[in-house]
Amino acid sequence: MAMTQIQRAGGGNVGRIFAAQAQRYPNDIALSAGDENLTYSQLNERVNRLAKHMTARGVGHGGRVGLLARNCMAFIEVELAAAKIGAITAAMNWRLSPVELRHCIDLTTPHMLIVQPDYLERLDGLDCLCLGEPYETALAEAAPDEPLAEAAGEDGLIIIFTSGTTGLPKGALISHRAMIARTAIYGAETGAPARDTFLAWTPLFHMGANDFALATLMRGGKVMVVDGYQPDELITAIRDERMHYLPLIPGMIMEFIAVLRRAGVQPRGIGMIGAMADLVPRQQLAEITALLDAPYLNTFGSTETGMPPATANYVAVGTAPTSLSKRQNDFCEIRLVDADDNDVPDGSPGELAIRGPSLFSGYWNNDEANAESFRGGWFHMGDVFRRNPDGSLDFVDRVKYMIKSGGENIYPAEIEQHILADPRIADAA
């Protein structure tokens, strides 16, 4: 048998996996936003129509579909439609400056642009399909059957823009293989049930909402789409829905604690909450976990890696931790290395290098960054850790943030973490 046929059979495609769930659970709710709901069969039909429209507009295998939109159900539709025909969604950050946004468009050269009307003026002179009536008309005029095009596991699924610490945004290309691996890791390592509910309120143009929304749809669950931090909608979902993971992020937690206290809401059931515990004052960790009766996920992942390398530990309910040591994820290999890529001994700071199936496929059209980041066959994250005798990992800082003073290496994040451990401190930078 030709190897290409074997590869086709063994490859994964996010769009086709979603379609398989639509066959299994056609009448279950797949997407909701406010009072609007789409069942799996309804969503799959809309995705197919959009995929056919993309093909009619000349979007082929590997072509890019630029998307500039706030959180909405159409965001998911665009990504799944592109996936089914082997195209790549370039998810633009609507918060970017005009110069940065133009850079992202010039970098990825989209074959088609889909945009919310509010942002149309930012794309002046470019041919765009506007969400709303033009978008709905395009879907109505296209056929609803499954597209014939195919995409393999290593084909690109989405480009997510990450600014890193310097320069203009870089486009991280995430493949179907990586997204499927991230879904499997999420289920295996956190115990996330199939057919779960996920509240996608953080930006879908970032991995924090995008990864988990697609993971939920590939496992037959429901994604509730909320356009940003809207406390009333979050409160309603917490009261009415069981959910395994509720993302919370530094910067909104202190205010959300006050909202929860005023509402007196009783959560229906949450498995875990949060992200980036290092950036949250310790007393806030104790308060928010107690109010929601859920442990805080002690994360260290990235756009480029997904949940790995070190998102496998929790802050217990009601605890103001003295340590935020991380635990390495399964399904990945890691090293801590010095400036010459030599492994450092336990207790010494070293840059974390990782390899595994959840990794992205490099920065789009950026050979220089790829050569630097993937040297030696490992992805070098640019983040410094120390390994403890028990194998746990302590985050130190970004490599580029290190300050040299009097022959000593000073990492600002360590100073911030020390200050944030004091219960009198609301925030530090």
- [ ] Counting residues in the chain as N, plug N into 2.2 N^0.38 Å and put the Cα Rg over that result.
- [x] 0.99
TODO: Using the charge dipole of the range 27-95 (Lys, Arg: +1 at Cβ; Asp, Glu: -1 at Cβ; taken about the Cα centre), state which of Asn48, Gly60, Thr89 has its Cα farthest towards the positive end.
DONE: Gly60
Open item on the list: Given the options Ala237, Cys104, Val344, identify the residue whose Cα lies farthest towards the positive end of the charge dipole of the chain (+1 on Cβ of Lys, Arg; -1 on Cβ of Asp, Glu).
Closed with: Ala237
Task: Nearest-20 debye value, the chain charge dipole, Cβ charges on Lys, Arg, Asp, Glu - done: 660 debye
TODO: Could you order Asp232, Asp383 so the one with the most accessible surface comes first? Probe is 1.4 Å.
DONE: Asp232, Asp383
TODO: With a bin width of 5 angstrom, please list the P(r) values of the range 271-420 as percents of all Cα-Cα pairs, from the 0 bin to the one holding the largest distance.
DONE: 2, 9, 17, 20, 19, 15, 10, 5, 2, 0
Task: Surface share of carbon and sulfur [accessible, 1.4 angstrom probe, percent] for the chain - done: 51 percent
Open item on the list: Output the 0 to 90 degree angle, nearest 10, between the alpha-carbon long axis of helix 207-217 and the longest principal axis computed from the alpha carbons of the chain.
Closed with: 50 degrees
TODO: Using only Cα atoms, locate the centre of the range 305-330 and the centre of the range 230-267, then give the distance between them in Å, rounded to an integer.
DONE: 21 Å
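Rounded, prolate or oblate: which fits the range 298-340 when a ≥ b ≥ c are the square roots of the eigenvalues of the alpha-carbon gyration tensor, with rounded for a/c under 1.5 and prolate only if a/b beats b/c? Walk me through the numbers on the way to the answer.
Numbers: a/c = 2.59, a/b = 1.71, b/c = 1.51.
Here the range 298-340 falls in the prolate category.
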- [ ] Report ³J(HN,Hα) in whole Hz for each residue of the range 121-131, in order, from the Karplus equation J = 6.51 cos²θ - 1.76 cosθ + 1.60 where θ = phi - 60°; Gly and Pro get x.
- [x] 5, 5, 10, 3, x, 9, 7, 10, 9, 8, 5
Task: Accessible surface, the chain, averaged per residue in Å² (probe 1.4 Å) - done: 43 Å²
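Place a +1 charge on the Cβ of each Lys and Arg in the range 296-429 and a -1 charge on the Cβ of each Asp and Glu, then give the dipole magnitude about the Cα centre in debye, rounded to the nearest 20. Intermediate results must be reported in sequence, preceding the final value.
Working: 11 positive and 21 negative charges, 63 e Å.
Dipole magnitude for the range 296-429 comes out near 300 debye.
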TODO: Kindly express, to the nearest 10 degrees and within the range 0 to 90, the angle between helix 73-84's C-alpha long axis and the longest C-alpha principal axis of the chain.
DONE: 80 degrees
Open item on the list: Given Cβ point charges of +1 (Lys, Arg) and -1 (Asp, Glu) and nothing else, what value in debye, to the nearest 20, does the dipole of the range 266-370 about its Cα centre take?
Closed with: 680 debye
Task: For the range 191-206, Karplus couplings with θ = phi - 60° (6.51, -1.76, 1.60), whole Hz, Gly/Pro x - done: x, 4, x, 5, 6, 7, 10, 10, 9, 8, 10, 6, x, 6, 7, 10
Task: Residue-wise HN-Hα coupling along the range 367-382, computed from phi with Karplus coefficients 6.51, -1.76, 1.60 (Hz; x: Gly, Pro) - done: 4, 5, 5, 5, 4, 6, 6, 9, 4, x, x, 10, 8, 8, 6, x
- [ ] Of the options Tyr186, Tyr296, Cys332, report the single residue whose Cα projects farthest towards the positive end of the charge dipole of the chain (beta-carbon charges: Lys, Arg +1; Asp, Glu -1).
- [x] Tyr186
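When the helices in the chain are scored as -39500 (n - 2.57) per DSSP H run of 4 or longer and the sum is shared across all residues, what 222 nm value do you end up with, to the nearest 500 deg cm²/dmol?
Details: 13 runs with 141 residues, N = 429.
For the chain, the value works out to -10000 deg cm²/dmol.
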Task: Length-normalised contact order for the chain - Cα pairs under 8 Å, 6+ apart - percent - done: 12 percent
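Based on the Kirkwood radius over alpha-carbon pairs, what is the Stokes-Einstein translational diffusion coefficient of the range 1-145 at 4 °C with 1.567 mPa s viscosity, in µm²/s? Before the final figure, lay out each step's value.
Details: Rh = 16.1 Å.
Stokes-Einstein gives a translational diffusion coefficient of 80 µm²/s.
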- [ ] On a 0 to 90° scale, report how tilted helix 14-24 is relative to the longest principal axis of the chain, with both axes built from alpha carbons and the result rounded to the nearest 10.
- [x] 70 degrees
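The values are calculated or read from the model by the stated rules, or taken from the named source; none is laboratory data. The shown structure was predicted, so the numbers you read here are calculated from the model rather than taken from an experiment. So basically every Cβ, Gly included, is an ideal-geometry build from the backbone, and we count neighbours across all protein chains shown. Accessible surface areas use protein heavy atoms only, side chains included; no ligands, DNA or RNA. Shrake-Rupley method; radii C 1.70, N 1.55, O 1.52, S 1.80 Å.
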